[in-house]
1. Every residue in the stretch 6-36 that is among the hydroxyl-bearing types (Ser, Thr, Tyr) and farther than 27 Å from Pro357 by Cβ, please.
2. Which ones in the stretch 159-188 are farther than 30 Å from Ser325 by Cβ, open to solvent by less than 30 Å² (accessible area, probe 1.4 Å) and either within 14 Å of the ligand (Cβ to nearest atom) or not in a helix (DSSP H, G or I) (or both)?
3. Kindly indicate the residue of the stretch 120-130 that is more than 13 Å from the ligand (Cβ to nearest atom) and in a loop (DSSP other than H, G, I, E, B) and also surrounded by the most Cβ atoms within 10 Å (Cβ to Cβ) among those meeting that condition.
4. List, please: which pairs have Cβ atoms under 6 Å, are six or more places apart or on different chains, and start with a residue in the stretch 235-250 that is part of a helix (DSSP H, G or I) and end with one that is among the β-branched types (Val, Ile, Thr) and open to solvent by 60 Å² or more (accessible area, probe 1.4 Å)?
5. Against the definition (under 30 Å from Arg131 (Cβ atoms) and open to solvent by 40 Å² or more (accessible area, probe 1.4 Å)), how does Gln41 come out, yes or no?
6. Any idea which residue in the stretch 131-156 is least open to solvent (accessible area, probe 1.4 Å), counting only those that are under 16 Å from Lys210 (Cα atoms) and either out of contact with any helix residue (DSSP H, G or I) (no Cβ under 6 Å at 6 or more places or on another chain) or at pLDDT below 95 (or both)?
7. Name, by its number, the condition in (1) open to solvent by 30 Å² or more (accessible area, probe 1.4 Å); (2) near the ligand (Cβ under 10 Å from one of its atoms); (3) over 11 Å from Thr133 (Cβ atoms) that does not hold for Asp91.
8. Within the stretch 378-424, can you find the residues that are touching an Asp or Glu at 6+ places or on another chain (Cβ under 8 Å) and not in a loop (DSSP other than H, G, I, E, B)?
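The values are calculated or read from the model by the stated rules, or taken from the named source; none is laboratory data. Keep in mind that what you see is a predicted model, and the values were worked out from it rather than measured. Reconstructed Cβ throughout: ideal geometry from the backbone, glycine too, with neighbour counts over all protein chains shown. Just so you know, the surface numbers come from the protein's heavy atoms only, side chains and all, with ligands and any DNA or RNA stripped out. Shrake-Rupley method; radii C 1.70, N 1.55, O 1.52, S 1.80 Å.
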Amino acid sequence: MNLTVVGTGYVGLVSGACFAEMGNRVYCVDVDEKKISGLKQGKLPIYEPGLEPMVLRNYEEGRLQFTTQLAEAMTDSNIYFIAVGTPPGEDGSADLKYVQAVAREIGQLMTEYCVIVDKSTVPVGTADLVRETVNTELAKRNLQLDFDVVSNPEFLKEGAAIEDFMKPDRIVVGSDSEKARELMRQLYAPFNRNHERTMFMGVRDAEMTKYAANSMLATKISFINEISNLCELMGVDVENVRRGIGSDSRIGFSFIYPGCGYGGSCFPKDVQALIRMAQDVDFVPQLLLSVEQRNREQKKWFTRRLSERFGTDLSGLVFGVWGLSFKPGTDDMREAPAKTLLTDLISAGAKVLAYDPVAMETAERELPAEWFASGVLKLVANQYEALQGVDAMLLVTEWKPFRNPDLAAMGRSMKQKLIFDGRNQYDPDYIRAEGFDYFGVGRLADG
Ligand SMILES: NC(=O)c1ccc[n+]([C@@H]2O[C@H](COP(=O)([O-])OP(=O)(O)OC[C@H]3O[C@@H](n4cnc5c(N)ncnc54)[C@H](O)[C@@H]3O)[C@@H](O)[C@H]2O)c1
């Protein structure tokens, strides 16, 4: 099949590459000329395990093409995926300006029946908005063309995006058109060989499913973080509680890791957007408001612990930060807890040495230039260099190389043997036996 994917970010590039891998011919379109010219030279704009060889292979074999011109892509295909960003607007609602821009362009260019697929995460009712936008453009051209708008939200996880796309738990397709459903059935057939994963439903049902899924996962995280706060105050080790509840098959072990808060391009914005959707229909989403508030406070976990230890003025102190991306396996720093931490450390007068296995370029690009210029933040070449003369090590992202570090080397480098473990990666007894002071999330302070 011939497809066009508009928006070549995490979702667009992964979807485009995976559809091409299944033998389809895919045009990936983006307005970002630098991104497209980089891709044409084999340079990927993001880090995602397994993505580079798949993109290069399909590009070389002619199944995957890149362009900044939607018109060029549209001559060949009649399925258009919209995979552009839907960032939070000022009031927290999803900003649909990029989605609408694509819908307008499709309406200006289409010449025959097509299926427009919303793959971006968009609020309930967006498919209707896309339909209206396209129809307005068609009317300007005095044209009446048949087309369908389908909701096909994406559930991939950064860091495991290829695996998730190739072997999804489910493929949600919202559509009331049999013609469109049939096209989607054909397109996704290769992903359903093992067993049928596609779930057809109404368009609005599909739109809500994506928000409900992310809000449920965010709720689990905020729930365990809430319990971890109680544990800290009540002399309980949350890690034992986590194991105790996770073993209940009704609860399960996933997404109940206590930590320094969730980040990323999805959970924070999607919870906020669902809150806005609820408020728009005069409903008070009490649970979601608390999930959001708990997470905002949890991102201050380091700041609270550090001020208990050092006071609120951190001048003259140096901290070593391990991990900058919002989670392991990605270079994405959108809404990363590390950003909150660095802001708090630097505004309290501290200096920081930081290291991340893949997010260093993102950090250089996204963190304030004055931090680098003034020397309050230095990005260093490896995890041990980030501990030279520091007053504490702060573990923010649980990358694998941080899991079993060389404690003797750490102890020799650090000015104070002190670890704040924002992801509960270490065994407190073992770390303390090596002469370190250790603080974990929701864990006993004195061993
Ligand atoms: N990142 C994830 O893990 C993930 C997972 C599931 C769903 N989503 C959703 O998918 C959508 C895309 O997210 P992302 O992380 O891939 O975003 P992204 O910011 O990585 O990529 C979006 C791309 O769209 C491009 N773009 C903007 N306007 C355009 C236009 N008019 N024409 C062509 N290209 C245009 C941008 O230049 C950018 O490259 C969002 O709605 C997001 O919530 C993301």
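1. At the first step, the residues of the stretch 6-36 found to be among the hydroxyl-bearing types (Ser, Thr, Tyr) are 8, 10, 15, 27.
Answer for the stretch 6-36, where residues must be among the hydroxyl-bearing types (Ser, Thr, Tyr) and farther than 27 Å from Pro357 by Cβ: just Tyr27.
2. Those that are farther than 30 Å from Ser325 by Cβ, open to solvent by less than 30 Å² (accessible area, probe 1.4 Å) and either within 14 Å of the ligand (Cβ to nearest atom) or not in a helix (DSSP H, G or I) (or both): Val173, Gly174, Ser175, Ser177.
3. Per the criteria, the residue is Val124.
4. Once the first residue is part of a helix (DSSP H, G or I) and sits in the stretch 235-250, its partners that are among the β-branched types (Val, Ile, Thr) and open to solvent by 60 Å² or more (accessible area, probe 1.4 Å) give Ile245/Ile251.
5. Numbers: under 30 Å from Arg131 (Cβ atoms): no; open to solvent by 40 Å² or more (accessible area, probe 1.4 Å): yes.
Criteria not met by Gln41.
6. Initially, the stretch 131-156 is screened for residues under 16 Å from Lys210 (Cα atoms), giving 150-156.
Imposing the further condition that a residue be either out of contact with any helix residue (DSSP H, G or I) (no Cβ under 6 Å at 6 or more places or on another chain) or at pLDDT below 95 (or both) reduces the set to 152, 155.
Values: Asn152: 2, Phe155: 41 Å².
Selected residue: Asn152.
7. (2)
8. Leu379, Leu395, Leu407, Ala408, Gly411, Leu418, Ile419 - these are the residues of the stretch 378-424 that are touching an Asp or Glu at 6+ places or on another chain (Cβ under 8 Å) and not in a loop (DSSP other than H, G, I, E, B).
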